[in-house]
1. Counting just the Cα atoms, what span does segment 12-80 cover along each of its three principal axes? Round to the nearest Å and put the largest first.
2. With n ≥ 4 as the cut-off for DSSP H runs, can you work out [θ] at 222 nm for the chain, using -39500 (n - 2.57) per run divided by the number of residues, rounded to the nearest 500?
3. Among VAL58, VAL68, VAL27, which one shows the biggest mean-square fluctuation in a GNM of the chain, springs joining Cα atoms closer than 10 Å?
4. Which order do the peptides 46-54, 4-12 take when ranked by the mean count of other beta-carbon atoms within 10 Å per residue, highest first?
5. How charged is the neighbourhood of GLY59? Take every other residue with its Cβ under 15 Å from the Cβ of GLY59, and add Lys/Arg as +1 and Asp/Glu as -1.
Amino acid sequence: MSDHTQVLEGIWEDIRSHDAELKGRRVRLTILGANGMPAPFFTNGADLMAYWKREGLVGSRSDITDRVTHAQEMRKKAETRS
């Protein structure tokens with residue numbers, strides 16, 4: 001068994017192919033976002049909101065004039081889809 005740190009990267013199936021060599025070893029798994037970067041982690045709503053603002057997600061839907069009605073309509077569609 002090796003004492004050095006090893007980095008494995010790929011899709012889940014790639015990582016699972018190493019199960020025999022990793023059996024009994026401590027591992028750390030980092031789930032990457034779709035862009036290949038680590039997904040951000042937030043401990044509170046203020047940090048999440050600041051991230052959304054930096055990424056341009058807050059206020060990006062100028063076509064939604066009544067956000068409460070829009071949310072209710074989306075919830076209704078989700079509840080009635082098959």
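1. Rounded to whole Å, the extents work out to 56, 33, 21 Å.
2. Values: 4 runs with 33 residues, N = 82.
Computed ellipticity for the chain at 222 nm equals -11000 deg cm²/dmol.
3. Looking only at VAL58, VAL68, VAL27, the biggest GNM fluctuation is shown by VAL68.
4. 46-54, 4-12
5. Details: positive: LYS53, ARG54, ARG61, ARG67; negative: GLU55, ASP63, ASP66.
After counting each charged neighbour, the total is +1.
Bear in mind that the values in this text are calculations on the coordinates, not laboratory data. Just so we're clear, the structure is a prediction, and the values are computed from it rather than from any experiment. Neighbour counts run over all protein chains shown; Cβ positions are idealised from the backbone, glycine included.
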